[in-house]
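The values are calculated or read from the model by the stated rules, or taken from the named source; none is laboratory data. Just so we're clear, the structure is a prediction, and the values are computed from it rather than from any experiment. Note that we place each Cβ from the backbone using ideal geometry, even for glycine, and neighbour counts take in every protein chain shown. Please note that ligands, DNA and RNA were not included when accessible areas were found on the heavy atoms of the full protein model with its side chains. Shrake-Rupley method; radii C 1.70, N 1.55, O 1.52, S 1.80 Å.
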Amino acid sequence: MNILVSGLINIETTMRVEGFPIPYMPVRYPFFNINSTVSGVGYNVAKALTILGNNVRLLSLIGRDPIASLVRQALERDCIPGDNVLAALEETAQSVILYDGEGRRQINVDLKDAQEMAYPQQRYHAASSDCDIQVLCNINFSRPFLEMARKAGKLVATDVHTISNLDDPYDIDFMRAANILFMSHDWLPVSPEQWARQVWNRFGPEVLVIGMGQQGALLAVREDNFIERIPAVYTRPVVNTIGAGDALFSAFIHYYARTRDPYTSLRKAMVFASYKIGATSASEGFLTEEALDDLYLKLF
């Protein structure tokens, strides 16, 4: 399956802490506890989809700085074509993530000048022409592609992550364009079920998934008037929950693109995400399709 992904790449640094809030100490020496990897929503989704067996066209912007070489090395190592990853920024985006043993985390993202830069539309058209499904992550350089994809009859998938307002000026374009819409329950002002109906009434996505962490996920399928919670599954001990949402999103897209079955797609995606959070970085811990299908059969 050819899938276009447009989204962020950053250098991610993670460190485990004892808990939150963090007590002040002038110096600490957490040996073998600080790790840096190439990550970012766009990269995480592209890598997961590649490992699952798809042909991914990744569109992103990185810097003209020394650490951009780490991105190039990771793209080559992970077999993700890098010809549409453009060195258009002064600096590559970075993130610092603190996490504890209870699954809590604090994510600090420095986008540098990524939000002010446009991605060349001619490169988008060339990359997307044979991609029936387009994953347009909610970063500004993806925004112009939303209308183009819908006009071209492509299936648009996006994840707006934490949101509390359907009139949110940043995410409203993404919600309006999405056939497949993902988000988190963290900031919702009402129950996920109530929120799902509000999203249906306002934007009408074919499929809506609201991730709920340890509680699983809520699935809303408009055609079937279906809104129900799907319980979480346990596959291995949790190390870091960062990237769980990206993993859930990626695996769902992988199976839904092939089957158009949202129910099985989400259940398999939940197994994929559960296994993924046994790794430290947001871009690590992904199963192959064969391994995922085998694990799914053992669990269900």
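Computed with the Debye formula from one identical point scatterer per Cα of the range 16-89, without solvent, the log10 of I(q)/I(0) at q = 0.15, 0.27 Å⁻¹ comes to -0.65, -1.28. Where does the Debye-calculated log10 I(q)/I(0) of the range 191-238 sit at q = 0.14 Å⁻¹, using only Cα point scatterers of equal weight, no solvent? Debye intensities relative to I(0), on a log10 scale: -0.36.
Report, to the nearest whole %, how much of the accessible area of the range 156-215 belongs to carbon and sulfur atoms, 1.4 Å probe, protein only.
Numbers: 1130 of 2500 Å².
Of the solvent-accessible surface of the range 156-215, carbon and sulfur hold 45 percent.
The residues of the range 40-153 have, on average, 45 Å² of accessible surface per residue, using a 1.4 Å probe with all protein chains present. Protection proxy ranking of 242-252, 60-70, 223-233, by the mean of other Cβ atoms within 10 Å over each peptide's residues and highest first, is 242-252, 60-70, 223-233.
Using a 1.4 Å probe on the protein chains only, how many percent of the accessible area of the range 19-83 belongs to carbon and sulfur?
Values: 2220 of 3560 Å².
Carbon and sulfur atoms account for 63 percent of the accessible area of the range 19-83.
Derived scalar couplings between HN and Hα for the range 236-244 equal 6, x, 7, 9, 7, 7, 4, x, 4 Hz in order, rounded to whole Hz, by the Karplus curve 6.51 cos²θ - 1.76 cosθ + 1.60 (θ = phi - 60°), x for Gly and Pro. Put the Cα centre of the range 203-256 next to the Cα centre of the range 69-105 and the gap is 24 Å. Distance distribution note for the chain: the fraction of Cα pairs above 36 angstrom is 12%. Largest first, the three principal axis extents of the alpha carbons in the range 195-300 are 38, 25, 21 Å in whole numbers. Averaging 1/r over each pair of different alpha-carbon atoms in the range 128-244 and inverting the result gives 15.0 Å, the Kirkwood hydrodynamic radius.
The order of the peptides 22-30, 272-280 by mean Cβ neighbours within 10 Å, most packed first, is 272-280, 22-30.
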